[in-house]
Amino acid sequence: MGDQHEAVLSQAVRLREEGTAQARERLVGLVDRHPWDAAIAYQAAWAHDAAGLEAEAVPFYERALRGTGLSPQDRHGAYLGLGSTYRVLGRYEESLATLRRALEEFPDDPALRTFLAMALYNVGEAREAVRSLLKVIVATSGDARVQGYRRAIGYYADNLDETQ
């Protein structure tokens with residue numbers, strides 16, 4: 001990355017952190033001037049999303065994921081942001097597709113799996129949602145009591161309807 005690009009990206013991050021309407025407008029201007037810069041589009045998406053402007057954030061997230069140059073951390077954030085935003089907007093199938101695509105790149109990521117569980121719930125797939133959340137809990141919980149039942153929770157995550 002060149003020095004000029006670094007300066008523009010730094011400006012985009014500062015603007016997003018300001019969180020004002022003026023900052024969002026300036027970010028949109030940066031995106032217009034740098035249409036293939038995925039990192040700038042991601043900052044614009046994040047700024048809109050954080051301001052409660054989810055519908056306006058979508059095209060920026062989409063642009064960020066189509067572009068090149070996102071760090072793995074920002075690519076993960078863009079997938080999570082877009083998947084979550086689609087869900088909030090009631091675009092459940094797009095949310096599921098986005099989060100599943102993200103999990104192809106970031107397998108077993110607990111944050112992505114958690115947001116996927118919410119979208120699964122929204123489309124009536126409660127069993128798969130609970131299964132996913134149970135697996136996240138087993139994988140991430142530091143609670144000694146949960147860890148004491150780790151094997152059982154893991155087993156029942158895949159066998160929720162099993163009875164004796």
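The values are calculated or read from the model by the stated rules, or taken from the named source; none is laboratory data. These figures come from a predicted structure and were not determined experimentally. As a convention, Cβ positions derive from the backbone with ideal geometry for all residues, glycine included, and neighbour counts pool all protein chains shown. These area figures cover heavy atoms from the full protein model, side chains too; ligands, DNA and RNA do not enter into them. Shrake-Rupley method; radii C 1.70, N 1.55, O 1.52, S 1.80 Å.
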Treating only the Cβ of Lys, Arg, Asp and Glu as charged (+1, +1, -1, -1), what charge dipole size does the chain show about its Cα centre? Round to the nearest 20 debye. 260 debye
Give me the percent relative contact order of the chain, please, defined on Cα pairs under 8 angstrom at least 6 residues apart. 12 percent
I want to check the label-to-label distance for E62 and S141. Put each point 7 Å from Cα in the C-beta direction and report it in nm to one decimal. 3.9 nm
Counting only protein heavy atoms, what percent of the accessible surface of the stretch 66-121 is carbon or sulfur at a 1.4 Å probe? 52 percent
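Suppose only helical runs count, i.e. DSSP H with n ≥ 4. What mean residue ellipticity at 222 nm does that imply for the chain under -39500 (n - 2.57) per run, divided by all residues and rounded to the nearest 500 deg cm²/dmol? Kindly include the intermediate steps, with their values, before the conclusion.
Numbers: 10 runs with 128 residues, N = 164.
Taken over the chain, the calculation gives -24500 deg cm²/dmol.
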Grab the Cα-Cα distance for D108 and A126, subtract it from 0.36 nm times how many residues apart they are, and report the gain in nm with one decimal. 4.6 nm
Using alpha carbons only, how many angstrom separate the centre of the stretch 28-53 from the centre of the stretch 90-135? 25 Å
How would you rank 56-63, 87-94, 98-105, 136-143, highest first, on the average number of other Cβ atoms within 10 Å across their residues? 56-63, 98-105, 87-94, 136-143
Listed candidates (1) 62, 35, 29; (2) 44, 42, 32; (3) 65, 30, 26 - label of the one calculated as Cα extents along the principal axes in Å: (3)
Å² of accessible area per residue within the chain, as computed with a 1.4 Å probe and no ligands counted: 58 Å²
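About the Cα centre of the stretch 38-79, what is the dipole size in debye to 20, counting +1 per Lys and Arg Cβ and -1 per Asp and Glu Cβ, all else neutral?
It works out to roughly 200 debye.
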Sorted by packing (mean other beta-carbon atoms within 10 Å per residue), highest first, where do 127-134, 148-155, 32-39 land? 127-134, 32-39, 148-155
For labels at D32 and Y155 in the simple 7 Å Cα→Cβ model, what's the distance in nm? 6.2 nm
Label point 7 Å out from A55 along Cα-to-Cβ: which residues of the stretch 74-93 have amide N under 19 Å? 82-93
